[in-house]
There are 4 protein chains.
Amino acid sequence: MTTNDEGARQPARKIRADAQRNEQALLAAAASVFVTSGVEAPVRDIAAAAGVGMGTIYRHFPTRADLVVAVYRHQVEACAEVGPVLLAKSGSPHAALSQWVNLFVDFLVTKHGLAAVLQPGSAGFDALHAYFLDRLVPVCAQLLAAAAQAGEISDDMDAYELMRGIGNLCIGADNDPRYDARRMVKLLIAGLLQVRST
Amino acid sequence: MTTNDEGARQPARKIRADAQRNEQALLAAAASVFVTSGVEAPVRDIAAAAGVGMGTIYRHFPTRADLVVAVYRHQVEACAEVGPVLLAKSGSPHAALSQWVNLFVDFLVTKHGLAAVLQPGSAGFDALHAYFLDRLVPVCAQLLAAAAQAGEISDDMDAYELMRGIGNLCIGADNDPRYDARRMVKLLIAGLLQVRST
Amino acid sequence: MTTNDEGARQPARKIRADAQRNEQALLAAAASVFVTSGVEAPVRDIAAAAGVGMGTIYRHFPTRADLVVAVYRHQVEACAEVGPVLLAKSGSPHAALSQWVNLFVDFLVTKHGLAAVLQPGSAGFDALHAYFLDRLVPVCAQLLAAAAQAGEISDDMDAYELMRGIGNLCIGADNDPRYDARRMVKLLIAGLLQVRST
Amino acid sequence: MTTNDEGARQPARKIRADAQRNEQALLAAAASVFVTSGVEAPVRDIAAAAGVGMGTIYRHFPTRADLVVAVYRHQVEACAEVGPVLLAKSGSPHAALSQWVNLFVDFLVTKHGLAAVLQPGSAGFDALHAYFLDRLVPVCAQLLAAAAQAGEISDDMDAYELMRGIGNLCIGADNDPRYDARRMVKLLIAGLLQVRST
DNA sequence: GATGAATGAGTCTTCATTCAT
DNA sequence: CATGAATGAAGACTCATTCAT
């Protein structure tokens, strides 16, 4: 969008350049810092990693939640979009749900500390919590509904609650080699089938 | 105020009594503060509630984990002890497991913030983590083994992992009316039956 | 100079017009922001209100004092000019002084925070201080001299000092319903008569 | 072990000593810093001047207003108490008022920046404002009433308003050699006599 | 000429932990 | 033994001013 001028415009050192590029650098740096120090890493650290002043971060992302959301937006969107696809491709809605949940878990467990702040009330992260829920709960609800429709599971499972449970199971999954969130989530999803007839 | 008599000095038992009384007051006060402010409540608050100096807390409980463990020791012990009892009383080991787990969950969800610091690596809470695990994982393992023996569940379920999963499901269960940890844990335990034949 | 049209190049008047329009917008916007946020309002806010960049403000008004002076210049000028008029119209120089002072006070108390930065040494407002004084002290001096001449007041009253006192009395006069700067100033001016014979 | 062993141990350098002594040092240091940097001086500066950590300041004086009040309490109290004395000793209530006001002004003008934060609404100084008013307005009211009773002045002068006016006149009185707050206040008080018959 | 992105110093405040008394 | 005063690191946030585009 800002490209294709006939002239040969070099990227202009570290300058303000396109603020867009700066924002990208910020996002990349934040993502990087997040994996090592968690999403609660000091603003100064993130700024340093991105090679910008702290003010720049506040300009682009007024609250920390804004930054976190921005960092993970693509992946969350992708996750949200793949739900219906899986449902369409799979003969069993419950299997589709299972696969979808696995993708979500794979995403979550690799994001140091993310699951922990997904809790409602994580001071300053409400927007983050809200975003994840707004985006993913409906997808989950759709899969759940389909499975219930197919008679695979009970129809009284609340999508929000299930997502919260899954998120919780992912907390601290990294840095504990003895704990495999994926296995636990699998168990949880399997439980849906079992409880069906209850 | 501590001694005073120029005469007979008992073998330092009087002092011990003081110390013990102090420790009891501390435990009670800590328990009380924990329910309102969580287990991460400022040391000063706890000291104030107990009517002692902060130094006294450090003397009796060098690390915060020590204090937390002391506060909940009775309940954890009781929980550990009831495991075998349930197993003996119940015809189905899985049912016993389920009941036992429910007791654990009931304990955990009423302890504001406790589940959250049960994670390994919760700065300063390692001893807490260790205690809970040392005490409860074996019980869980016993129940699990019995259920596996009875053919109710697969025999490859790791007790540590299951306990971690259960603990995780309890995080933030208070202060979120839309989330019922008990339901999720029930699902998880039910999943054990389902996965059996896998 | 930065233009490019192959056609008639006006003597750079078009640009001037732009700049002038900008300056007017700036003045209006600043005045508006000043009443709500005081004369110490963030530069960014003023720029935003004017719909221009911050750089534009700095170009037109290198220091904040320059901007403030520009915003109130018309009113200050009017105030300065009305002094002699009042003196000519009024039989009593002291009465003229009193009326003139009232006009000044009316101006000041409606300018949120202005009186406060009229102090000498209000970091960055020296030019403001200087302007007000340069413009108004002579007028005040003239009125004072006339009153002294008429024997209404002592002749040792310093105009600068009186203006400072009046300005001070106006500080914080808004946002305190229990304080009426006009009354206090009236008292001060009345005092001039009293001290006469001292 | 830390006490007077045979070695030459000086009085234990900066120790905690009596907290009282510490508080005194704090008060002295604060007073000193206030005169050079104003009452809004950075907490760190005050702490440094007192040779204590910042936490110590917060312990003794939770809010800045608390510190400021403590620093000036003695003088304010003395001022409050001398009011009735002056009234008793002086034949003219107005003269007593004048003397009392002079004492107040002498106090205020030597306290760099104090008058400025005496304004209501000086973020974080409300307690300060309240203290000064609570303590001094009644005294002023008493003197005012006596003067009105004696027929020296009108009886509609509000003590709060007058004190505010006096306080305002003292703003910035230091650091401006051309401005003498005492003279202005004298004028103001003189005005009371003049306005009497209005 | 105008724009507005970037910088980064400067402050406040909390709390775990130590240690003089 | 108990007390609680003192320490000081740590981290968030604002905003004036510059300067590349």
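Please indicate, with yes or no, whether at least one residue in the stretch A:81-94 is within 14 Å of another protein chain (Cβ to nearest Cβ), in contact with a helix residue (DSSP H, G or I) (Cβ under 6 Å, 6 or more places away or on another chain) and either over 25 Å from A:Asn175 (Cβ atoms) or away from DNA strand E (no atom under 16 Å from the Cβ) (or both). There is at least one residue in the stretch A:81-94 that is within 14 Å of another protein chain (Cβ to nearest Cβ), in contact with a helix residue (DSSP H, G or I) (Cβ under 6 Å, 6 or more places away or on another chain) and either over 25 Å from A:Asn175 (Cβ atoms) or away from DNA strand E (no atom under 16 Å from the Cβ) (or both). Among the residues of the stretch B:70-98, those identified as under 20 Å from B:His129 (Cβ atoms) and buried (at least 20 other Cβ atoms within 10 Å of the Cβ) are B:Val71, B:Tyr72, B:Cys79, B:Gly83.
Select from the stretch C:39-77 the residues that are touching a Leu at 6+ places or on another chain (Cβ under 8 Å), assigned to a helix (DSSP H, G or I) and over 23 Å from C:Val109 (Cβ atoms) and list them in ascending order. Of everything in the stretch C:39-77, those that are touching a Leu at 6+ places or on another chain (Cβ under 8 Å), assigned to a helix (DSSP H, G or I) and over 23 Å from C:Val109 (Cβ atoms) turn out to be C:Ala50, C:Thr56, C:Ile57, C:His60. Once the stretch D:162-189 is narrowed to residues that are open to solvent by 10 Å² or more (accessible area, probe 1.4 Å) and part of a helix (DSSP H, G or I), the residue that is farthest from D:Asp134 (Cα to Cα) is D:Arg183.
Whether a residue is open to solvent by 60 Å² or more (accessible area, probe 1.4 Å), of a type in the set (A, V, I, L, M) and more than 7 Å from chain B (Cβ to nearest Cβ) was assessed, and A:Ala148 does not pass this test. Looking at C:Phe125, is it modelled with pLDDT under 95 and under 20 Å from C:Leu169 (Cα atoms)? For C:Phe125, the condition - modelled with pLDDT under 95 and under 20 Å from C:Leu169 (Cα atoms) - is met. Checked against the criterion of being within 30 Å of A:Met184 (Cβ to Cβ) and charged (D, E, K, R), the stretch A:15-37 contains not a single residue that satisfies it.
Name the residue that is farthest from B:Val185 (Cα to Cα), counting only residues in the stretch A:151-188 that are of a type in the set (A, V, I, L, M) and within 7 Å of chain B (Cβ to nearest Cβ). Per the criteria, the residue is A:Ile171. May I ask you to verify whether C:Val35 is more than 14 Å from chain A (Cβ to nearest Cβ), open to solvent by 20 Å² or more (accessible area, probe 1.4 Å) and more than 8 Å from DNA strand E (Cβ to nearest atom)? Answer is yes for this residue.
The values are calculated or read from the model by the stated rules, or taken from the named source; none is laboratory data. Everything numeric here is computed off the predicted structure, so don't read it as measured data. Note that each Cβ is placed from the backbone with ideal geometry, even for glycine, and that neighbours are counted across all protein chains shown. Just so you know, the surface numbers come from the protein's heavy atoms only, side chains and all, with ligands and any DNA or RNA stripped out. Shrake-Rupley method; radii C 1.70, N 1.55, O 1.52, S 1.80 Å.
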